[in-house]
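Peer 1: This is the structure, below, for whatever I ask next.
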Amino acid sequence: MISDSAHLPQLPHRRDTPIGCIGSGFIMSDCHLVAYKNAGFNPIAIASRTPANSRKVAGRHGLKAYETYPEMLEQADIEVVDVAVPPDAQLDVIREITRHAGKIRGILAQKPLGINYQQSVEIVSLCEQANIVLSVNQNMRYDQSVRACRAVIDKGLLGDPVFASIDMRAIPHWMPWQQRQGWVTLRIMSIHHLDTFRYWLGDPIRVFCSTRPDPRTSFEHSDGICLYILEYENGARASSWDDVWAGPAKEGAAADIGINWRVEGTTGMARGTIGWPEYPARTPSTLDYTNSSLGDRWIEPRWNEVWFPDAFAGTMAQLLVALESGNTPEISAQDNLKTMALVDACYLSAQEHRAVEIDEITNR
């Protein structure tokens, strides 16, 4: 059996590390800052491209607002910076943060880490040269069922993993900045699932991806509905159907919305649901697991925590723990490069209609 706390993150001993926030949109105001308050963390300052919005969020969460983020970096007494800006803005923002090396010890950057693999490599290099610990907010790793499933796998309750799948039938809220990128699902939603497969099973050697535009999304894009298969050297396979159309639910038809996942092993199986599609209703994700020693019985742990916003405490916690201990963060930037490479491999696969080795991206 897994422990009752397997779905929870490790928290740092020191929770008063002063945090400065860059970005004042929904993900910062309704997820990061809510989770940090509940965990007892210490965000003290905020800045964004819209000072009026920064002041509004600052008033809601008891922070000091600055007119610009360079001003915040210069004046605020902060050690960690939480970056939640569009991916095409991250390089410039992080480059500015590295000019304050010595004062700034750590950065938690939003996913995706830049606009593609090559840019994420540049961002990682900047932080390494500045001796700043960089971690990435791959927050689905801290969805409670995803984290608990990892504990089930680590305890050997499934034996050797054979097959994993995620079946998403849900309609995300796309951001306006995605139109200038010309992409929709792979770097914003699928990146969660691809990173989760890596978290559960390790690194695949190749991927085959097929995409088509989403009929509901009006601007030009290629990666609307995304289907992909990951192949592992040990024979394991993983697959996801990222169906962001999910039928004409917004056009008047009945809705059938949800995310289901499963992991099958040689001696056991785990299955679960992701509660996020019902946000803002607090809907915990779920996990059930069984194995050969249990016969036809399922173990069904349950919890009260939810992905949005509770999991966001975990992504900041793992960075604070790393700074406190001197160890590598659970979601280190170096590790996240492998997720970024996998995403880029999906784009190349869909474009060229073939399986792509991950090395094709990393060895360019």
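The values are calculated or read from the model by the stated rules, or taken from the named source; none is laboratory data. Note that this is a predicted model, so its numbers are computed, not measured. As a convention, Cβ positions derive from the backbone with ideal geometry for all residues, glycine included, and neighbour counts pool all protein chains shown.
Peer 1: Out of all the residues in region 97-110, is one or more at negative phi and assigned to a helix (DSSP H, G or I)?
Peer 2: yes
Peer 1: Something else now. Kindly check whether there is at least one residue in region 115-126 that is surrounded by fewer than 23 Cβ atoms within 10 Å (Cβ to Cβ), in contact (Cβ under 8 Å) with a residue 12 or more places away in the chain and under 18 Å from GLY23 (Cα atoms).
Peer 2: So far as region 115-126 goes, yes, one or more of its residues are surrounded by fewer than 23 Cβ atoms within 10 Å (Cβ to Cβ), in contact (Cβ under 8 Å) with a residue 12 or more places away in the chain and under 18 Å from GLY23 (Cα atoms).
Peer 1: Still on this model: Can you find a residue in region 273-280 that is touching a residue at least 60 places away in the same chain (Cβ under 8 Å), in a loop (DSSP other than H, G, I, E, B) and closer than 24 Å to THR185 by Cβ?
Peer 2: no
Peer 1: Every residue in region 130-169 that is within 30 Å of GLN90 (Cα to Cα), in a strand (DSSP E or B) and in contact with a Lys or Arg (Cβ under 7 Å, 6 or more places away or on another chain), please.
Peer 2: The answer is VAL133, VAL136, ASN137.
Peer 1: Confirm whether ASN42 is at pLDDT 95 or above and more than 23 Å from the chain's Cα centre (by Cα).
Peer 2: no
Peer 1: If you don't mind, there's one more thing I want to ask. Just one of (1) of a type outside the set (Ser, Thr, Tyr); (2) touching a His at 6+ places or on another chain (Cβ under 9 Å); (3) closer than 20 Å to ALA151 by Cα trips up ASP214, so point out which.
Peer 2: All conditions pass for ASP214, except number (3).
Peer 1: Across region 216-238, what is the total count of residues that are in a strand (DSSP E or B) and without any contact (Cβ under 8 Å) to a residue 12 or more places away in the chain?
Peer 2: Counting residues in region 216-238 that are in a strand (DSSP E or B) and without any contact (Cβ under 8 Å) to a residue 12 or more places away in the chain gives 0.
Peer 1: Picking from TRP241, TRP245, TRP261, which residue would you name as being closer than 18 Å to ALA151 by Cβ, touching a residue at least 12 places away in the same chain (Cβ under 8 Å) and among the aromatic types (Phe, Trp, Tyr)?
Peer 2: On the way: TRP241 fails: closer than 18 Å to ALA151 by Cβ; TRP245 fails: closer than 18 Å to ALA151 by Cβ.
After applying the criteria, what remains is TRP261.
Peer 1: Would you mind stating whether THR196 is in contact with a Gly (Cβ under 9 Å, 6 or more places away or on another chain) and of a type in the set (S, T, N, Q)?
Peer 2: For THR196, the condition - in contact with a Gly (Cβ under 9 Å, 6 or more places away or on another chain) and of a type in the set (S, T, N, Q) - is not met.
Peer 1: Which residue, of GLY326, GLY295, is modelled with pLDDT under 95 and of a type outside the set (A, V, I, L, M, F, W, C)?
Peer 2: Going through GLY326, GLY295 in turn, just one is modelled with pLDDT under 95 and of a type outside the set (A, V, I, L, M, F, W, C): GLY295.
Peer 1: Considering each of GLU96, GLU128, GLU122 in turn, give the residue that is charged (D, E, K, R), in the same structural domain as LEU323 (by TED's automatic domain parsing) and over 22 Å from the mean Cα position of the chain (by Cα).
Peer 2: GLU96
Peer 1: Restricting attention to region 324-332, does a residue exist that is more than 23 Å from PRO204 (Cβ to Cβ), assigned to a helix (DSSP H, G or I) and out of contact with any Lys or Arg (no Cβ under 8 Å at 6 or more places or on another chain)? Outline the logic, then answer.
Peer 2: Taking region 324-332 as the starting set, the residues that turn out to be more than 23 Å from PRO204 (Cβ to Cβ) are 324-327.
So of that shortlist, the ones also assigned to a helix (DSSP H, G or I) come out as 324-325.
Next cut, out of contact with any Lys or Arg (no Cβ under 8 Å at 6 or more places or on another chain) only: 325.
Yes, that holds for at least one residue.
Peer 1: Right, next: Among what's in region 186-208 and is farther than 22 Å from GLY247 by Cβ and of a type in the set (A, V, I, L, M, F, W, C), pick the residue that is surrounded by the most Cβ atoms within 10 Å (Cβ to Cβ).
Peer 2: Selected residue: LEU194.
Peer 1: What pairs come out if I take residues in region 5-26 that are among the hydroxyl-bearing types (Ser, Thr, Tyr) and pair them with residues that are assigned to a loop (DSSP other than H, G, I, E, B) and surrounded by 14 or more Cβ atoms within 10 Å (Cβ to Cβ) whose C-beta lies under 6 Å away, six or more apart or interchain?
Peer 2: The qualifying pairs are THR17/GLU79; SER24/SER48.
Peer 1: Taking the conditions exactly as written (closer than 30 Å to GLU79 by Cα, in contact (Cβ under 8 Å) with a residue 12 or more places away in the chain, of a type in the set (Gly, Ala, Ser) and not in a loop (DSSP other than H, G, I, E, B)), does ALA345 satisfy them or not?
Peer 2: Spelling it out, it is not the case that ALA345 is closer than 30 Å to GLU79 by Cα, in contact (Cβ under 8 Å) with a residue 12 or more places away in the chain, of a type in the set (Gly, Ala, Ser) and not in a loop (DSSP other than H, G, I, E, B).
Matching residues to (1) within 20 Å of ILE2 (Cα to Cα); (2) of a type outside the set (Gly, Ala, Ser); (3) assigned to a loop (DSSP other than H, G, I, E, B):
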| residue | (1), (2), (3) |
| --- | --- |
| ALA254 | no, no, yes |
| ASN260 | no, yes, no |
| PRO284 | yes, yes, yes |
| TYR289 | yes, yes, no |
| ASP310 | no, yes, no |
| VAL321 | no, yes, no |
| ASN336 | no, yes, no |
| THR339 | no, yes, no |
